[in-house]
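Please read the structure below before turning to the comments.
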Amino acid sequence: MINDALSSLTLAQTGFPDSVAGVTLAHYLSVSAAMFTLGVIGFITRRNLIVMFLCTELMFQAAGIALIAFGRYHLNFDGQTFVIFVLCIAAAEAAMGLALIVLLFRKAESLSAGEWKELQG
Amino acid sequence: MTTVPALAQATHEIAHAPAWALLILGLPILGVLQSMVCALLGVKSKAPAFLTVGCLAGAFVTTAALYSWFDPANGPAVVTAWEWFAIGDFTATFGLYIDTLTIFWMLFVTGLATLIALYASEYMSHDVGPGYCRFFFAFNLFVFSMACLVMGANLAMLYLGWEGVGLCSYLLIGYFYKKDSAVQAAKKAFIVNRIGDLGLALGLYLTFVHFGTIEYAELFGSAQLEGYIDLAMAGNYAAIPAQAQWIPILLMIGAFGKSAQFPLYVWLPDAMEGPTPVSALIHAATMVTAGVYLVARFYPVFLASEYALPIVAWTGTVTALLAATIGMAQFDIKRIMAYSTVSQLGYMFAGLGVLTPTGAGYHVLTHAFFKALLFLACGAVMHGFAGQLDLRKLSGLRRVKGWGIVTLGMFVGCINLAGIPFTAGYFSKDTILAEAFVTPGTAAIGWILLFTAGLTAYYTFRVFFRVFMGPVHYEPGDDLHDHADDHAHGEEHNHDAGEHGDEHDHGFHPHAPGWAINTVLATLAVCSLLASGLYIVGGKTLDLHGHDYKAKHYASTMIQQSTASFVTPYDHHGFEAAGIHHDDTATAETAADDHAEDTAHAAVVHGPYGDLAHPNTVLGMDPHKGMYYISAAFGLVGIVLAWWFHLAGRTTAAQCRMDAVARNFGPIPRWAEHKWYVDELYEKLFRGPLHLISNHVFRPFDKYIVDGLVNAIGWLPRIGASIIRPSQSGELQGYAAGMIVGLTILLFLILTVVISIGGGA
């Protein structure tokens, strides 16, 4: 049922080139899902803290794309507004995360997440 | 027509007493607070003692004011402070029930407490500081509890006071808590009392179950109870429910515990480990009479039971004789006084049992004064001679300088206890003895008590002749403390030291009592002597149930207007109206119907002891008149024997003529000295088995079952944690994978639910 609804709708506005007019919500969500999955896989498989951090950014952006696509689809601005907030938070988080990584590197002389295993609690 | 009036005030409306009567409870509480404050401030003076004396004197004055306010003609009065608690139908008020019995008791309780607090201010002076505050804390708390017990408006307040005095007794017996024997004695007193308290608690419950109330005002005014007494006086006990007849049996167990009656008397002699003022106030004059008070207060309930009063009478008699025989063979003068107290309490119960609450009440009053006096005199000796209490090591104190008032006080106490004619003890004991002969079926009790009176005179004067008369000789006890102020004791000492050179401790100087002890002893001696006047004055014609009753003396006036009122149908002196009434009824009924005559006849002469048509006599004399001579003779024989065996021809403190005589009795004196091995018997019968059960049943149960359960509960989280703990690996990827798996499952579940709902719709 959901699949039917998704495939029958287009996000293109009048006057868009034909090649773009065929892009539907499903396309955007597919890209978002692919990005998110890549992020997850990267986060789980890689040990380098910086790469893992980039993977979280990837997941962020995937969620952002989905939000904007839905916002456009429902014709309101909530999705886009929300993404602005997400970006702000992501920026702050990037600043803090990178600072932390720098400190962790200084302590362990390595970027591997495995160095911090003893924090198991 | 019909019955003998048993309840004086049953028909009266309940009046309200003024609220200031509550001060009698409030002032001792103030005393408690001041001693706590003194303890917190670290007061190192006699301030807590004198503040206590002030508070208790205030309570005494309030009691006296209440006495003058109270008019017995209007019946009992109540003060309700607040509703204490209510559980379903069970309600108890925090209030006072005031009748002549209450006032009678409270007058001597507060009066004696004041005097003994003054005495204790000096007696406890070597403990000034925290111990002193602790002593007066418990002392005040005791007076408060005793006031609750005596003045309480219901059984719940009585129970509160009952437990309160038990607690204070425990605290004060164990006052010297570093001394093992004192701690053991305190525990013994508390535990033996618990046994009695169980009876009291059950009696309380049964009273509520049967009568539906524990408030005195409702209980003693109830038509139900009055109906029972009518039935009892008609000899028709079968018609009274068994439940009602069990109430007094249960209550008397409580009374026997608190008042040290056989078989629960064993704690009282050991209680002498406490400081002497405590022995005098709690274990002689006031607390131990709580049992007598309980029986007197519930006298109507006791009358309604076929067996209760005979049991009370015989228990009292057995206790009186047993304790007197033990007292004869002891050497510790305080122990002798303790056994004497047990014995005299036995007299009081016997008095209650042979239907003379008046005699019992009067004996409580006279005994309170003279026994407090005797104890305080013994205490002065103990205080002055470094804890020496052995009558074999003290002699001739009469002639030691500074001991005149103590000797005089002791002498007044002794003549009262021995029942020398015209002393208060003589009159009060005679009332009980005479009534034992008047009441049918109790002549045996009378003879046993008369014999005991002879023994009492003997052991009393044994103490007096040994300690205060004869050659001057003394040895200090073990508690030698610093006697900086040397009390010279005259020529006798030097002379005596020359005579008994080696035995005598040259360095020791007895410490003569100071003003506080002497004042109190003198006051109590005067009170003890004046108490005999109460046998002569204070008589009054009372209106009991429409009958004129001539109360012969003050105690009679007080007791007969309370719930303890009982006018024996056998008492042809006091209650002439009953006799006349009886004849009239009988004549009238004879004319009508012979059978009815029997019933009416029985109505007058039945009691718990069956029936009797004519008053009894003793040795062919009217008991009340004959007893004056008979008991005096028994007493004098006892004193003469004591004089012959313990004073005449005695040249040292340790030896007397009795020693040779005692050898002829074989092991009996030794058995008596060992208290007939009752403690050992209890050890074998109860303590030993209890220890065994505790060690072999309760201890393993406690260790393995109770502790095991608690430990198991402690182990549960540990075991659970050890299962979950490996999930915390410290691997960041592991956590992330867990999160993702969890989220996926959650998402899956949510979607399933959403779809199924959507599909359903």
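Quick note: the coordinates plus some simple rules give every number you see, no bench work behind them. Since the structure is predicted, the reported quantities are computational estimates derived from the model, not experimental observations. Cβ: placed from backbone, ideal geometry, glycine included. Neighbour counts: every protein chain shown.
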Next on the checklist: Compute the distance from the alpha-carbon center of the range B:658-686 to that of the range A:76-93, in whole Å.
Outcome noted: 101 Å
Next on the checklist: Suppose every Lys and Arg Cβ carries +1 and every Asp and Glu Cβ carries -1, with no other charges. What dipole size does the protein assembly as shown come out with about its Cα centre, to the nearest 20 debye?
Outcome noted: 2460 debye
Checklist entry - Which pairs, out of B:LYS258/B:LYS371; B:LYS393/B:LYS675; B:LYS371/B:LYS550; B:LYS258/B:LYS625, put more than 28 Å between their alpha-carbon atoms? => result B:LYS371/B:LYS550; B:LYS258/B:LYS625
Next on the checklist: Out of the chymotrypsin sites (Phe, Trp or Tyr not before Pro) in the range A:22-98, which ones are loop residues according to DSSP with at most 15 other C-beta atoms within 10 Å?
Outcome noted: A:PHE77
Checklist entry - Distances over 23 Å make up what percent of all Cα-Cα pairs in the range A:24-110? => result 33 percent
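By counting other Cβ atoms within 10 Å of each Cβ, how are B:VAL706, B:VAL520 ranked from fewest to most? List each step's numbers first, then the result.
Numbers: B:VAL706 11, B:VAL520 30.
The fewest-first ordering by Cβ neighbours comes to B:VAL706, B:VAL520.
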Item to check | Residue order, fewest to most surrounding Cβ atoms within 10 angstrom, among B:ILE420, B:ILE432 | outcome: B:ILE420, B:ILE432
Next on the checklist: Compute the helix-to-body angle for B:308-329: its Cα long axis versus the longest principal axis of chain B, expressed 0 to 90° and rounded to tens.
Outcome noted: 70 degrees
Checklist outcome for this item: At R0 = 30 Å the Cβ-Cβ FRET efficiency linking B:HIS509 and B:TYR177, nearest 0.05, sits at 0.55
Next on the checklist: Run the numbers for B:HIS696 and B:HIS674: contour at 0.36 nm per residue of separation, minus the present Cα-Cα distance, in nm.
Outcome noted: 4.8 nm
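Rounded, prolate or oblate: which fits chain B when a ≥ b ≥ c are the square roots of the eigenvalues of the alpha-carbon gyration tensor, with rounded for a/c under 1.5 and prolate only if a/b beats b/c?
oblate
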Checklist entry - Relative contact order for chain B: what is it in percent, counting Cα pairs under 8 Å that are at least 6 residues apart? => result 14 percent
Item to check | Environment charge at B:ASN416 (Cβ cut-off 13 Å; Lys +1, Arg +1, Asp -1, Glu -1) | outcome: +1
Checklist outcome for this item: Rounded to a whole number, the mean other protein chain Cβ count within 10 angstrom for residues of A:111-120 is 3
Checklist entry - Given R₀ = 60 Å, FRET efficiency for B:ILE724-B:ALA81 by Cβ-Cβ distance, to 0.05? => result 0.55
Checklist entry - Each label point is 7 Å from the Cα along the Cα-to-Cβ direction; what then is the distance between the points at B:ARG663 and B:VAL741, in nm? => result 10.0 nm
Item to check | Estimated FRET transfer efficiency when R0 is 51 angstrom, pair B:TRP447-B:LEU41 (beta carbons, to 0.05) | outcome: 0.30
Next on the checklist: Report the Cα-based extents of the protein assembly as shown along its three principal axes, largest first, to the nearest Å.
Outcome noted: 144, 89, 51
Checklist entry - What's the average, rounded to a whole number, of partner chain beta-carbon atoms within 10 Å of each residue's beta-carbon in B:167-176? => result 0
Next on the checklist: Give me a comma-separated list of calculated 3J(HN,Hα) values for the range B:271-277, in order, Karplus coefficients 6.51, -1.76, 1.60 applied at θ = phi - 60°, integers in Hz, x for any Gly or Pro.
Outcome noted: 5, 5, 5, x, x, 4, x
Checklist entry - Farthest toward the dipole's positive end in chain B, which of B:GLY95, B:PRO241, B:ALA113, given Cβ charges of +1 (Lys, Arg) and -1 (Asp, Glu) about the Cα centre? => result B:ALA113
Next on the checklist: Roughly how far apart, in whole Å, are the Cα centres of the range B:32-91 and the range B:179-228?
Outcome noted: 22 Å
Item to check | Inter-chain shielding of B:732-741 (mean C-beta neighbours from other protein chains, 10 Å cut-off) | outcome: 4
Checklist outcome for this item: If one compares the long axis through the Cα atoms of helix B:576-592 with the longest principal axis of the Cα atoms of chain B, the angle in degrees, nearest 10, works out at 80 degrees
